[in-house]
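Structure, as C-alpha cells:
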Amino acid sequence: MKKNIVFDGLRSVARMGETAFVAAKAGVKYATEKPSNAKLMRETFEELGSTYIKLGQFIASTPSLFPREYVEEFQGCLDQTPKLPFSYILEVLQAEFDDMDQIFESIEEIPLASASIAQVHAAKLKTGEDVVIKVQKPNVETILYTDLNVLHWATKLIEKAVPKVKFASLADIVDEIKTRMVREVDFIEEAQNLEDFVDYLKASNNQAATAPKVYPQYSTRRVLTMQRLYGVPLTDFDVVKQYCSDPSQVLITAMNTWFGSLMMCKSFHADLHAGNLMLLEDGRIGFIDFGIVGQLKPEVWQACITFMEALQHTNYNVMAQSMLGMGMTHQKVDLARLAQDIERLFNGVSMSDPQALLSSSPADLNDIMLDVVGVGERHGIHFPRDFALLFKQMMYFDRFMRVLAPYTDIYADQRIKMLQTQSDTVWM
C-alpha cells in the first residue's frame, strides 16, 4: 500500500511537470503566433490529454457558463489518443482476473477503438460468446486527480486576479467536472447505466432496440466486459437500406427509444454519435457506450417540448413560460419582457418556416441554443448543465436525419413520440 502511494506521488509530480512544460510551450506560441485565446486553449487542452479533453467537451456543452467563442471553439475538441500496446491490455486483464486464461478464449490484438479514457478490444469467452472488453488506460485516475487539483488552485487564483471574469465560480465548476469524470472512469457505474437502460426497454416493451449485455463477473472498475453487437452505423443510407425497407423508420425508432429514456430512466445516453448507435443485422437498433450520461427531470423535458411546440406557432408568451420551466432562477422573472426578447431573437432568424428552423444544420441549432441560453441568462434563468447535453444529442439526430430521411419532416411525423409513458410501445 505504501509503495503504491509513493508511486502515485511520483506520477503526480511527473504530471505536474508535463503540464508546466505544455503550458510554457503555449505561452511561446501565443507570443510568436498570436492565435485567438480560444483556439490556443483548445490546442493546449488536446496536447495535455484526457482530463483537459474532457474539460474542453464540458466547455463545449455548457454555454450558460462559458463565453460563446470558447463554446464554439471547443465543439471541435477531439477525444482520441494513440493506441496502447496489446501487452498493456493483457497486463491489466491479468491484474484484474487471476484466472484470465479460464475466462477468455481469445482476444483480438488490434483494438476496435481507442479514446482518452479507455481502449476497446474484441474477444471471445471460453463459454463461446463474442464480447468486447473496455480497458482503462494507465494512470487515468492519478492523472485525473492531479490535473483537477492543479485546475482547482489555478481557478482560485484566476478568480482573485480577475474578480469580474464572466464565468464566475470556476472552482465550483471544476469540482462538478471532477464528480462527473470520476464517474466516467468507474466502469461499474457505466455497467449500471447499461443495465438501467435495458430495464427501461423491458418495462416499455420495446423489442426494436437493444443494448449490450454486461458480464458483471468479468467486470471491475478498470475493465468492462460486454456482449458484442454486430451491425452498421446509421451514416450510410445504402448500407442501412440493405437491412431495412424504410431507413426513416430506423431513425424514428432510435429517437423514440431515446425520448422515452428521458422520462423513464435514471439517466439518458448523452453521446449517441455515429459510433454509438447502429442498426443490427436482425433489424434492431443497438445503443452502445454508456460512459457519458446526463440526468434530466421529466418536467424539464416537458418544458422543452412545450418550447418547441410554441416555436412552431410563434407563441412567444408560451415560449417564455416554458423557458422558465427549463431552468432555475433566484429572482422574479418578468415574463412579458422575456417574451419580447425571445420575439426579437427569432425575428432576427427567418421564421417563414419554424419547422425548418428546428431541423436546420447542427451549427445553426447550436447557434440557436446559445442565443436562447443567452436570453435566459439576461433574465436570471440558469439552465442545468445537462440541458446542453440534451441539445447536443438533438444535433446528433439532425445529422442522422440528413442521411436517413433527407426529404422527411421528422418532427412533424406522426410516428414520433417525444413524450412517452411506461404503457407506450415502440415498434419498427
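The numbers here are math on the coordinates, done by the rules we state, and not lab data. Keep in mind the model is a prediction, meaning the values are calculated, not measured. Cβ placement follows ideal geometry from the backbone for every residue including glycine, while neighbour counts extend to all protein chains displayed.
Here the spin labels are modelled as points 7 Å beyond Cα on the Cα-Cβ line, and at Glu69 and Asp341 they lie 2.3 nm apart.
Computing FRET efficiency as 1/(1 + (r/R0)^6) for Val232 and Val13, where r is the C-beta to C-beta distance and R0 is 56 Å, gives about 0.75. For a modelled paramagnetic label at Lys213, 7 Å from Cα along Cα-to-Cβ, the residues of segment 114-135 in reach, with backbone nitrogen under 17 Å, are 123-133.
From the C-alpha coordinates alone, can you work out the Kirkwood hydrodynamic radius of segment 101-162, in Å? Radius from the Kirkwood sum: 14.5 Å. Computed from the C-alpha gyration tensor, the three semi-axes of the ellipsoid equivalent to segment 181-281 are 25, 16, 12 Å, from longest to shortest. Starting from the Cα gyration tensor of segment 19-59, take the square roots of the eigenvalues, sort them a ≥ b ≥ c, and report rounded, prolate or oblate (rounded when a/c is under 1.5, otherwise prolate if a/b is larger than b/c, else oblate). In terms of gyration-tensor shape, oblate. Kirkwood radius, segment 288-338, all distinct C-alpha pairs, inverse of mean reciprocal distance: 12.3 Å.
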